[in-house]
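One structure is given here, and the rest of the page talks about it.
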Amino acid sequence: MTTAKPRPTPADPMPAERAEPGDVAGVPRDLPPELGPDAVSIMEASTFMLSNALGDVPPHSIGGLVHDDTRHLSCWRLTVNDTSPLLLGASVVDHYSAAFFLAVPELPGIPANAIGIRRQRFVGDGLHERIELHSFAREPKQLRLRLVAGADFADLFEIKSEISDRSHRITRTHASDGSQLTFTYSTDHFHAETRVCAWPFASRVDGDGLVWDVTLLPGRRWSCELTVPLGRGIANLMPRRRDFGEVFDGDQDDPTGRWRAVAPVLRADSDRLRAIFEQSIRDLIALRIEKCINGERVMLPAAGLPWFLTVFGRDTLITAYQTLSFAPQLAHGALIALASHQGTTVDDFRDEEPGKILHEYRVGELTVTGQRPHNPYFGAADSTQLWLIVLSEYWRWTGDDELVHHLREQAYAALRWIDRYGDRDGDGYVEYATRSLHGLGNQCWRDSWDGIQFADGEIPYLPIATCETQGYTYDAKLRMAELADGPLGDPELARRLRAEAAELYERFNRDFWLDDRGGFYAIGLDGDKQRIDSMTSNMGQLLWSGIVPPERARRVADHLMSPHLFSGWGVRTTATSERGYNPIGYHMGTVWPHDNSLIAHGLARYGFRAEANRIIVAMLEAAGFTDNRLPEAISGYDRTFGRTPVPYPTACNPQAWSSAAPLLFLRTMLGLDARDGELRTAPDIPAEFGRLHLRGTNAFGQRWDIDAAGTHATVRPS
């Protein structure tokens, strides 16, 4: 093991609804044909634009411009002489920008491909688009360029299902001079506006369309620019506006540039590992949200694109944990933002209780008007413990006593929630059961309607205490005891928490252990305290929490790496031996990268480095088939089923905790840890990856360089 202590110099400045059968945790199963398989999505902060490959948003599709959970554009269609262009190519240039290359088809008086079209688009403080025509014809051509816009102001929750008709409340005040189209929606409790501004002004306004009459000479170009400005919302801080040249030339003077400037750089013998690391950094930049909390600007990760571009509890916190050794500012922001919305009262509609950390936060009309409970919704039995775990881990990596002192009361409230409200019946376990008509039935990470099953496929009765939630609780209490002995200065609390953790350890290992099938942990206890006896990946997360006795760890590791659970690409959520197993069941057989990152980290904690590396190598090989990015989940088909991993059909991509999984994989291979003011490494680098050189990782307010190969490493200040 290699250790290093920080040098005594100043720190560098660091800038539901319940899913129904047939649904996949709120994600639509099929992409509507209007958008097609090559749909293009770009995003920035709380804004995203989803279009088809032409750059259009056809009416009645799930596409459009969405900002703060409201769709501001539901139609965005370009025609030339009343005809849609032909597609040549389209690509996302960066997470916030895209380019579309089109051609005008053969039309009366216009030969095929005589007119080329380029659409450049980015989102930032709104939507910005440039449309450029280029003539390759031999004679002047008369063109009628039309851009039709529409705004239905649908709530994000409606876009994927049934959209309320708001047309009787939408007013249009389009400028007669062709400078802009304006759509306004207003009720007693909600207001939204969409303005489409044009330059040069259109020749005329025709209905909801801007029309330019263009005479295009041979070899000449013509262009127009469109802007849809958007409000910044209550708390979101958008990057400064970019010009079109900057979109493609790059710009570092904004939050994206500042984030990238403090992120570490990986140099490695393995091109694959280096490319995956860089893609993870880019995705996390794309998914970051900046907020202003009590005058302080903080940054934290949103959950995923496109439907989860908002603050979550569990997803945000696990992502923060995965990235702590590389970008502690994400954990800092997550801790502050989530603490600012901590539960204060008992509210059945929102599943809120004092001290509880939220599950999901939304600001769309259905939430603002009280039709949905998401402002915020608290339906997660584990986010509170995860918040405490991340608070501890952040402190270990930064030594930031000040933040721990600042969040002292929130941490104590979280502990009270665990014992008073999390443990619903006084049996010493944290259980869940929704009280909201719109609440999630399952409030663990497997939160689809059928995510928890008995081995025979039966659905258990509520309330349910899942095994990994008890592991999180155990870990949270031990970590809080460490903080109580340290910066909190509360030794009595430390003694009590260690005693409670020891009692939970004994009770859990008695009540959740099943001796059949070689011995394994039940996924949970149902409302009748029966063991829910399906074999799942959740037991791997118990290794991460440290609640498994050393004498049982080998059996757990063997199950995880058995053909029933290990697909060859990663550990399945549910073993093939269970009645409910389905390789494309959302939580019933798929392989989740974030789950595997915690499992591998847990295996390494217990000394099973070879098993951990087997998972890591498999998952990173899988990423090589998906543009070096791990999606939310992949299908659980065995590796022998085909040469490539089978995609899960509706996986979010990127998804924060999947994009962050390679960072935790890297930390696991390096054996990287921060304890007692020391940066420690105990590497076990697979031969496939050769030598690693990590430059500028963050710990204790300093930057560090790590060189590693095999089981040897050196650590030094940058």
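The values are calculated or read from the model by the stated rules, or taken from the named source; none is laboratory data. Predicted model, so just to flag it, every value in this text is computed and none were measured. Don't worry about glycine lacking a Cβ; one is built from the backbone with ideal geometry, like all the others, and counts go over all protein chains shown. Ligands, DNA and RNA are excluded from the accessible area calculation, which covers all protein heavy atoms including side chains. Shrake-Rupley method; radii C 1.70, N 1.55, O 1.52, S 1.80 Å.
For the structure I just gave you, tell me whether Gly568 is modelled with pLDDT of 95 or more, open to solvent by 10 Å² or more (accessible area, probe 1.4 Å) and under 29 Å from the mean Cα position of the chain (by Cα).
Working: modelled with pLDDT of 95 or more: yes; open to solvent by 10 Å² or more (accessible area, probe 1.4 Å): yes; under 29 Å from the mean Cα position of the chain (by Cα): yes.
For Gly568, the condition - modelled with pLDDT of 95 or more, open to solvent by 10 Å² or more (accessible area, probe 1.4 Å) and under 29 Å from the mean Cα position of the chain (by Cα) - is met.
Only one residue in Leu210, Leu147, Leu156 is within 22 Å of Ser51 (Cα to Cα) and modelled with pLDDT under 95. Which one? Full working, then the answer.
On the way: Leu210 fails: modelled with pLDDT under 95; Leu147 fails: modelled with pLDDT under 95.
Exactly one of Leu210, Leu147, Leu156 is within 22 Å of Ser51 (Cα to Cα) and modelled with pLDDT under 95, namely Leu156.
Against the condition among the small types (Gly, Ala, Ser) and surrounded by 16 or more Cβ atoms within 10 Å (Cβ to Cβ), how does Ala98 come out, does it pass?
On the way: among the small types (Gly, Ala, Ser): yes; surrounded by 16 or more Cβ atoms within 10 Å (Cβ to Cβ): yes.
In short, yes.
Report whether or not Leu300 is part of a strand (DSSP E or B) and either open to solvent by less than 10 Å² (accessible area, probe 1.4 Å) or at pLDDT 95 or above (or both).
Numbers: part of a strand (DSSP E or B): yes; either open to solvent by less than 10 Å² (accessible area, probe 1.4 Å) or at pLDDT 95 or above (or both): yes.
It is true that Leu300 is part of a strand (DSSP E or B) and either open to solvent by less than 10 Å² (accessible area, probe 1.4 Å) or at pLDDT 95 or above (or both).
Restricting the search to the range 280-297, which residues are open to solvent by 30 Å² or more (accessible area, probe 1.4 Å) and of a type in the set (S, T, N, Q)?
The one that is open to solvent by 30 Å² or more (accessible area, probe 1.4 Å) and of a type in the set (S, T, N, Q): Asn294.
So that you can scan it fast, the table gives a plain yes or no per residue for (1) open to solvent by less than 40 Å² (accessible area, probe 1.4 Å); (2) modelled with pLDDT of 95 or more; (3) closer than 21 Å to Ala476 by Cβ; (4) over 20 Å from the mean Cα position of the chain (by Cα):
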| residue | (1), (2), (3), (4) |
| --- | --- |
| Leu366 | yes, no, no, yes |
| Ala380 | yes, yes, yes, no |
| Ile389 | yes, yes, yes, no |
| Leu407 | yes, yes, yes, yes |
| Arg416 | no, yes, yes, yes |
| Asp423 | yes, yes, yes, yes |
| Leu437 | no, no, no, yes |
| Asp450 | yes, yes, no, yes |
| Gln453 | yes, yes, no, yes |
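Please specify each residue of the range 663-695 satisfying the condition of being open to solvent by 10 Å² or more (accessible area, probe 1.4 Å), within 15 Å of Trp397 (Cβ to Cβ) and assigned to a strand (DSSP E or B).
Asp673, Arg675, Glu678, Arg680
Is there any pair linking a residue in the range 339-351 that is of a type in the set (S, T, N, Q) to one that is assigned to a loop (DSSP other than H, G, I, E, B) and at pLDDT below 95, with Cβ under 9 Å and at least six apart or on different chains, and which?
Ser340/Asn294
Hey, can you tell me all the residues within the range 115-126 that are of a type in the set (A, V, I, L, M, F, W, C) and at pLDDT below 95?
Our first condition is that a residue be of a type in the set (A, V, I, L, M, F, W, C); within the range 115-126, this holds for 115, 117, 122-123.
If the condition is that a residue be of a type in the set (A, V, I, L, M, F, W, C) and at pLDDT below 95, then Phe122, Val123 are the ones that fit.
Residue-wise test of (1) out of contact with any helix residue (DSSP H, G or I) (no Cβ under 9 Å at 6 or more places or on another chain); (2) under 22 Å from Pro683 (Cβ atoms).
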{"site": "Leu504", "(1), (2)": "no, no"}
{"site": "Arg531", "(1), (2)": "no, no"}
{"site": "Gly589", "(1), (2)": "yes, no"}
{"site": "Leu598", "(1), (2)": "no, yes"}
{"site": "Gly607", "(1), (2)": "no, yes"}
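So, in the range 609-640, how many residues would count as being part of a loop (DSSP other than H, G, I, E, B) and under 18 Å from the mean Cα position of the chain (by Cα)? Explain how you work it out, then say what you get.
So the first thing to find is which residues in the range 609-640 are part of a loop (DSSP other than H, G, I, E, B), and the list is 624-633, 635-638.
Within this subset, residues satisfying the condition of being under 18 Å from the mean Cα position of the chain (by Cα) are 626-633.
The total comes to 8.
Which of the following residues is within 23 Å of Trp449 (Cβ to Cβ), modelled with pLDDT of 95 or more, among the small types (Gly, Ala, Ser) and open to solvent by less than 50 Å² (accessible area, probe 1.4 Å): Ala575, Ala623?
Values: Ala623 fails: within 23 Å of Trp449 (Cβ to Cβ).
Result: Ala575 is the single residue among Ala575, Ala623 that is within 23 Å of Trp449 (Cβ to Cβ), modelled with pLDDT of 95 or more, among the small types (Gly, Ala, Ser) and open to solvent by less than 50 Å² (accessible area, probe 1.4 Å).
Given the criteria closer than 26 Å to Ile163 by Cα, surrounded by fewer than 21 Cβ atoms within 10 Å (Cβ to Cβ) and not small (Gly, Ala, Ser), does Arg77 qualify? Don't jump to the end; show me each part of the working.
On the way: closer than 26 Å to Ile163 by Cα: yes; surrounded by fewer than 21 Cβ atoms within 10 Å (Cβ to Cβ): yes; not small (Gly, Ala, Ser): yes.
It is true that Arg77 is closer than 26 Å to Ile163 by Cα, surrounded by fewer than 21 Cβ atoms within 10 Å (Cβ to Cβ) and not small (Gly, Ala, Ser).
Any residue at all in the range 653-661 that's open to solvent by 10 Å² or more (accessible area, probe 1.4 Å) and over 30 Å from Asp38 (Cβ atoms)?
Within the range 653-661, not a single residue is open to solvent by 10 Å² or more (accessible area, probe 1.4 Å) and over 30 Å from Asp38 (Cβ atoms).
Can you name the residue in the range 317-368 that is in a helix (DSSP H, G or I) and among the polar types (S, T, N, Q) and is also farthest from Arg667 (Cα to Cα) among such residues?
Step one: filter the range 317-368 for residues in a helix (DSSP H, G or I), giving 317-323, 328-340, 348-350, 365-368.
Then drop every residue that is not among the polar types (S, T, N, Q), which leaves 319, 322-323, 329, 340, 367.
Details: Thr319: 14, Gln322: 9, Thr323: 9, Gln329: 17, Ser340: 30, Thr367: 39 Å.
Only one residue tops the list, namely Thr367.
Only one of (1) surrounded by 20 or more Cβ atoms within 10 Å (Cβ to Cβ); (2) assigned to a loop (DSSP other than H, G, I, E, B) is not met by Gln371, so which one is it?
Single failed check for Gln371: (1).
Can you name the residue in the range 508-532 that is under 34 Å from the mean Cα position of the chain (by Cα) and of a type in the set (Asp, Glu) and, of all such residues, is least open to solvent (accessible area, probe 1.4 Å)?
Asp526
Condition (residue is among the small types (Gly, Ala, Ser), modelled with pLDDT of 95 or more and part of a helix (DSSP H, G or I)) applied to the range 396-403: is it met by at least one residue?
Taking the range 396-403 and keeping what is among the small types (Gly, Ala, Ser), we get 399.
Now restrict to residues that are modelled with pLDDT of 95 or more: 399.
Checking the rest, the ones that are also part of a helix (DSSP H, G or I) come to none.
No, the range 396-403 contains no residue that is among the small types (Gly, Ala, Ser), modelled with pLDDT of 95 or more and part of a helix (DSSP H, G or I).
Kindly establish whether Phe608 is farther than 19 Å from Ile276 by Cα and open to solvent by less than 30 Å² (accessible area, probe 1.4 Å).
On the way: farther than 19 Å from Ile276 by Cα: yes; open to solvent by less than 30 Å² (accessible area, probe 1.4 Å): yes.
So Phe608 fits the description; yes.
For residues in the range 149-186 being open to solvent by less than 50 Å² (accessible area, probe 1.4 Å) and of a type in the set (A, V, I, L, M), which is nearest to Pro105 (Cα to Cα)?
In this case the residue turns out to be Ala149.
If a residue has to be in a strand (DSSP E or B) and of a type outside the set (Phe, Trp, Tyr) to count, how many in the range 101-116 make the cut? Full working, then the answer.
Restricting attention to the range 101-116, the residues satisfying the condition of being in a strand (DSSP E or B) are 101-103, 107, 110, 115-116.
If we keep only those that are of a type outside the set (Phe, Trp, Tyr) too, we end up with 102-103, 107, 110, 115-116.
Matching residues across the range 101-116 total 6.
Check Gly22 against each of (1) farther than 20 Å from Trp199 by Cβ; (2) assigned to a loop (DSSP other than H, G, I, E, B); (3) of a type outside the set (Val, Ile, Thr); (4) modelled with pLDDT of 95 or more and name the one condition it does not meet.
(4)
Within the group Leu525, Leu543, Leu603, which residue is in contact with a Gly (Cβ under 7 Å, 6 or more places away or on another chain) and under 20 Å from Thr469 (Cα atoms)?
Working: Leu525 fails: in contact with a Gly (Cβ under 7 Å, 6 or more places away or on another chain); Leu603 fails: in contact with a Gly (Cβ under 7 Å, 6 or more places away or on another chain).
Selected residue: Leu543, the only one of Leu525, Leu543, Leu603 that is in contact with a Gly (Cβ under 7 Å, 6 or more places away or on another chain) and under 20 Å from Thr469 (Cα atoms).
Restricting attention to the range 397-439, which residues are in contact with a Leu (Cβ under 7 Å, 6 or more places away or on another chain), closer than 16 Å to Asp348 by Cβ and small (Gly, Ala, Ser)?
Ala433
Given the criteria open to solvent by 50 Å² or more (accessible area, probe 1.4 Å), more than 23 Å from Ser41 (Cβ to Cβ) and either modelled with pLDDT under 95 or not in a helix (DSSP H, G or I) (or both), does Arg643 qualify?
Values: open to solvent by 50 Å² or more (accessible area, probe 1.4 Å): yes; more than 23 Å from Ser41 (Cβ to Cβ): yes; either modelled with pLDDT under 95 or not in a helix (DSSP H, G or I) (or both): yes.
For Arg643, the condition - open to solvent by 50 Å² or more (accessible area, probe 1.4 Å), more than 23 Å from Ser41 (Cβ to Cβ) and either modelled with pLDDT under 95 or not in a helix (DSSP H, G or I) (or both) - is met.
Quick check: is even one residue across the range 306-314 under 18 Å from Val404 (Cα atoms) and modelled with pLDDT under 85?
First, the residues of the range 306-314 that are under 18 Å from Val404 (Cα atoms): none.
No; the residues of the range 306-314 include none that is under 18 Å from Val404 (Cα atoms) and modelled with pLDDT under 85.
Taking the range 425-435 on its own, how many of its residues are open to solvent by 20 Å² or more (accessible area, probe 1.4 Å) and touching a Lys or Arg at 6+ places or on another chain (Cβ under 8 Å)?
As a first pass, look at the range 425-435 and keep what is open to solvent by 20 Å² or more (accessible area, probe 1.4 Å): 425-428, 434-435.
Within this subset, residues satisfying the condition of being touching a Lys or Arg at 6+ places or on another chain (Cβ under 8 Å) are 427-428, 434.
Final tally of qualifying residues: 3.
Just to be sure I understand, how many residues within the range 455-477 are open to solvent by 20 Å² or more (accessible area, probe 1.4 Å) and either hydrophobic (A, V, I, L, M, F, W, C) or on the phi < 0 side of the Ramachandran plot (or both)? It would help to see each step written out before you state the result.
Looking only at the range 455-477, we keep the residues that are open to solvent by 20 Å² or more (accessible area, probe 1.4 Å), and these are 455-459, 461-463, 474.
This time we only want the ones that are either hydrophobic (A, V, I, L, M, F, W, C) or on the phi < 0 side of the Ramachandran plot (or both), so: 455-456, 458-459, 461-463, 474.
Number satisfying all stated conditions: 8.
For the range 141-195, which strands (runs of 3 or more DSSP E) that fit wholly inside it have 3 or more residues that are among the basic types (Lys, Arg)?
Details: elements: 141-150, 170-172, 180-186.
Once the strands (runs of 3 or more DSSP E) in the range 141-195 are filtered for at least 3 residues that are among the basic types (Lys, Arg), what remains is 141-150.
With the structure loaded, tell me whether Phe190 is aromatic (Phe, Trp, Tyr) and closer than 17 Å to Val57 by Cα or whether it fails that test.
On the way: aromatic (Phe, Trp, Tyr): yes; closer than 17 Å to Val57 by Cα: no.
In short, no.
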